[in-house]
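The values are calculated or read from the model by the stated rules, or taken from the named source; none is laboratory data. This one's a predicted model, so the numbers in the text were calculated from it and none came from an experiment. As a convention, Cβ positions derive from the backbone with ideal geometry for all residues, glycine included, and neighbour counts pool all protein chains shown. For accessibility, only protein heavy atoms count, side chains too; no ligands or nucleic acids. Shrake-Rupley method; radii C 1.70, N 1.55, O 1.52, S 1.80 Å.
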Amino acid sequence: MQHEPSAATEPMTPGKGLLVLLAIVVVIGAFLTLNHAIGIHNVWAAFLFLLYWAGIEHASIEKMVPCAVGAALGLLMGFLLKMLPGWLGDMGMVAFLGAVLVLVYFQVMGWAVTAVNMVTMLFLTVTTIPAIQADVDFGDAAHALVLGIIFFGALVWAGASWQKHKAAP
């Protein structure tokens, strides 16, 4: 099923599509280079945030804070799953599952939506994957997430500001 352009938008031409692809390659390349330069390896956390924020929320500046807070909370939950059993034994898993139940209840009730939202649930789901639990440095992933929020947020903000300036008389 192909998306039909609305009357207000022009369809993407192959030439424009190639320019957009080139811009994406440059931006992602710059982000990966920056991460490499500072020694951050778990860039998946930044890209998971970007996937949701840009793909679902269309890089809306208004949705950035809930997406960022939700991503951080979901990442924290993955960290807690890894650490709580070591800290508290079997009670650590009980505490983790209790926290998950609270988050799901908040999601169902629509409470604390800045923190408990679909991004939270996405990060919770991904960070509880056994391979992630086994091999991820959550501190490094948190650094990647913060850098991604700042980098991509600044890029979108600058682009929106430029568009606003360009449209001004």
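Rounded to the nearest 10 degrees, the angle from helix 90-109 to the longest Cα principal axis of the chain is 40 degrees.
Accessible surface of Val65, taken over heavy atoms with a 1.4 Å probe and every protein chain present, rounds to 90 Å².
Among residues other than Gly39 with Cβ under 13 Å from its Cβ, the summed charge is -2 (Lys and Arg +1, Asp and Glu -1). The distance linking segment 110-159 with segment 59-100 is 10 Å (Cα centroid to Cα centroid, whole angstrom).
Gain on full extension, evaluated as 0.36 nm per residue between Thr125 and Ala158 minus their Cα-Cα distance, stands at 8.7 nm. In the chain, the calculated helix contribution to ellipticity at 222 nm averages -25000 deg cm²/dmol per residue, counting -39,500 (n - 2.57) for every DSSP H run with n ≥ 4.
Estimated at 0.36 nm per residue, the fully extended path between Ile28 and Ser60 surpasses their Cα-Cα distance by 9.6 nm. The long axis of helix 61-88 is offset from the longest Cα principal axis of the chain by roughly 20 degrees. The angle between the Cα long axis of helix 14-38 and the main principal axis of the chain comes to about 40°, on a 0 to 90 degree scale. In 5 Å bins starting at 0, how do the alpha-carbon pair distances of the chain split up by percent? Calculated over all Cα pairs of the chain, the distribution is 1, 8, 13, 17, 17, 15, 11, 8, 5, 3, 1, 1, 0 percent. At a Förster distance of 41 Å, what's the computed FRET efficiency of Trp87 paired with Thr114, Cβ-Cβ distance as r, to 0.05? According to the calculation, E is roughly 0.90. Positive-end ranking of Leu81, Pro169, Gly153 along the dipole of the chain, with charges on Cβ about the Cα centre, is headed by Pro169. Assign one of three labels to segment 76-137, namely rounded, prolate or oblate, based on the Cα gyration tensor with a ≥ b ≥ c the square roots of its eigenvalues; rounded applies when a/c is under 1.5, prolate when it is not and a/b is larger than b/c, and oblate otherwise. Verdict is oblate for segment 76-137. For segment 105-169, the square roots of the Cα gyration tensor eigenvalues, ordered a ≥ b ≥ c, give a/c of at least 1.5 with a/b no greater than b/c, which places it in the oblate category.
So if each residue of separation counts as 0.36 nm, and I subtract the Cα-Cα distance between Ala95 and His41, what length gain in nm does that give?
On the way: separation 54, 0.36 × 54 = 19.44 nm, distance 2.95 nm.
Contour length minus Cα-Cα distance gives 16.5 nm.
In a reduced charge model with +1 at each Lys and Arg Cβ and -1 at each Asp and Glu Cβ, the chain shows a dipole moment near 360 debye about its Cα centre.
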